[in-house]
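Here is the structure we will look at.
The values are calculated or read from the model by the stated rules, or taken from the named source; none is laboratory data. This structure is a prediction, so every number in the text was calculated from the model and none was measured. No Cβ is skipped: glycine too gets one built from the backbone with ideal geometry, and neighbour counts run over all protein chains shown. Surface accessibility is based on the protein's heavy atoms, side chains included, excluding ligands, DNA and RNA. Shrake-Rupley method; radii C 1.70, N 1.55, O 1.52, S 1.80 Å.
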Amino acid sequence: MEAYRVAKQLRDLASEPRNRRSIVKDQGCLPGLVLFMDDQDEKVIFTSLEALSYLAEEPMNCAPMRSEIGLIASLKGVNKRDKLSKEVRDLAQLVLDKVKNDHSPARRPISVSRNPSMSRGNTFLGASNKKAKHIILQIHGLDDLSERQSAEKLLLQVKGVISFTFDMSQKRCTVRGRSSLKPETLCQAVASSGHLKAEQVVKNEFGEEVLLSFGDNPQARKTLDGEVSTAVKLPDYLPEESKLSEEEKSKAVVRTDDGGSSGAGGWFSSVGTFLAKSFYW
């Protein structure tokens with residue numbers, strides 16, 4: 001019910017036209033709504049779509065909403081989920097049409113509010129992103145939504161994780177984290193599930209992707225076809241300039257605390273505190 005409570009608060013705030021620009025400018029609200037669209041509770045999905053529909057009525061919101069990682073893909077995904085009611089799927093299509101219809105007078109950069117109360121509203125870690133790095137994990141056992149949700153919960157508890165995206169077709173997760181984040185920490189967190197195993201995906205000097213294991217033989221590197229190599233020196237993470245593919249952007253999860261170990265519960269409490277203090281009711 002925590003997800004529904006936060007989604008409802010965002011919807012109620014978005015129903016007020018004077019709040020809509022501030023909600024989209026905040027670094028936490030849109031990513032949160034994207035995450036909610038992947039929830040198993042249809043009520044959470046519908047409420048999140050209502051909030052997005054309100055936000056899309058503000059002309060200047062359309063461009064930043066289109067560029068929000070995972071939003072368009074999530075809307076399309078909801079529209080294709082046959083288990084959802086027609087009302088939910090129709091609303092997803094309506095929001096998609098609104099967002100794609102750019103009726104703003106001109107495109108201009110979205111500036112972050114300098115209002116002190118809004119500065120506290122950055123519920124997702126963003127201030128230190130300039131020094132972030134990407135770590136790609138190959139997760140064995142990542143076969144369905146429940147396994148992905150299990151991996152999400154474990155990764156959210158790792159200190160230093162900023163955000164992550166999943167590519168279910170390749171069973172991969174791209175993690176964006178602070179410079180101090182170690183890939184072995186991520187692999188150990190995933191392995192703590194008891195049924196998932198993670199290896200780091202890196203490239204050797206020939207540009208070939210290989211898997212770096214942190215198990216009994218942490219120095220062993222395996223090529224994707226299973227061949228083991230220990231002679232190639234590889235970087236411990238991909239450089240910052242590496243780009244996410246469209247598939248990797250399709251589903252994104254962003255942590256909201258400062259890397260503590262409180263888990264997903266801190267996400268909801270931080271959003272709830274932000275909503276209570278930063279908007280007009």
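For the range 6-45, which positions are farther than 20 Å from Cys62 by Cβ, open to solvent by 10 Å² or more (accessible area, probe 1.4 Å) and aliphatic (A, V, I, L, M)?
Leu35
Anything in the range 150-165 that is open to solvent by less than 40 Å² (accessible area, probe 1.4 Å) and either more than 21 Å from Gln27 (Cβ to Cβ) or part of a helix (DSSP H, G or I) (or both)? List them, or say none.
Within the range 150-165, the first condition is being open to solvent by less than 40 Å² (accessible area, probe 1.4 Å), and the residues that meet it are 150-152, 154-156, 158, 160-165.
Of everything in the range 150-165, those that are open to solvent by less than 40 Å² (accessible area, probe 1.4 Å) and either more than 21 Å from Gln27 (Cβ to Cβ) or part of a helix (DSSP H, G or I) (or both) turn out to be Ser150, Ala151, Glu152, Leu154, Leu155, Leu156.
Looking at Lys43, is it in a helix (DSSP H, G or I), among the charged types (D, E, K, R) and over 19 Å from Gln149 (Cβ atoms)?
So Lys43 fails the test.
Scan the range 80-122 for residues that are modelled with pLDDT under 50 and either assigned to a helix (DSSP H, G or I) or open to solvent by less than 30 Å² (accessible area, probe 1.4 Å) (or both) and jot them down.
Ser104, Pro116, Ser117, Met118, Ser119, Gly121, listed by residue number.
Okay, residues lined up against (1) without any contact (Cβ under 8 Å) to a residue 60 or more places away in the chain; (2) closer than 15 Å to Ala92 by Cβ; (3) of a type in the set (Phe, Trp, Tyr):
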site: Arg11; (1), (2), (3): yes, yes, no
site: Glu16; (1), (2), (3): no, no, no
site: Ile23; (1), (2), (3): no, no, no
site: Leu30; (1), (2), (3): yes, no, no
site: Met37; (1), (2), (3): yes, yes, no
site: Tyr54; (1), (2), (3): yes, yes, yes
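When the range 51-76 is examined, which residues are found to be closer than 23 Å to Arg5 by Cα, open to solvent by less than 50 Å² (accessible area, probe 1.4 Å), in a helix (DSSP H, G or I) and in contact with a Lys or Arg (Cβ under 8 Å, 6 or more places away or on another chain)?
Ala51, Ser53, Leu55, Ala56, Ser74, listed by residue number.
Please specify each residue of the range 123-149 satisfying the condition of being modelled with pLDDT of 85 or more and open to solvent by 30 Å² or more (accessible area, probe 1.4 Å).
His140, Asp143, Asp144, Leu145, Ser146, Glu147, Gln149 - these are the residues of the range 123-149 that are modelled with pLDDT of 85 or more and open to solvent by 30 Å² or more (accessible area, probe 1.4 Å).
Are any of the residues in the range 54-73 more than 21 Å from Lys25 (Cβ to Cβ) and out of contact with any Phe, Trp or Tyr (no Cβ under 7 Å at 6 or more places or on another chain)?
Yes: one or more hits.
Looking for whichever is modelled with pLDDT under 95 and touching a Ser or Thr at 6+ places or on another chain (Cβ under 6 Å) here; the options are Gly28, Gly77, Gly32. Which one fits?
After applying the criteria, what remains is Gly28.
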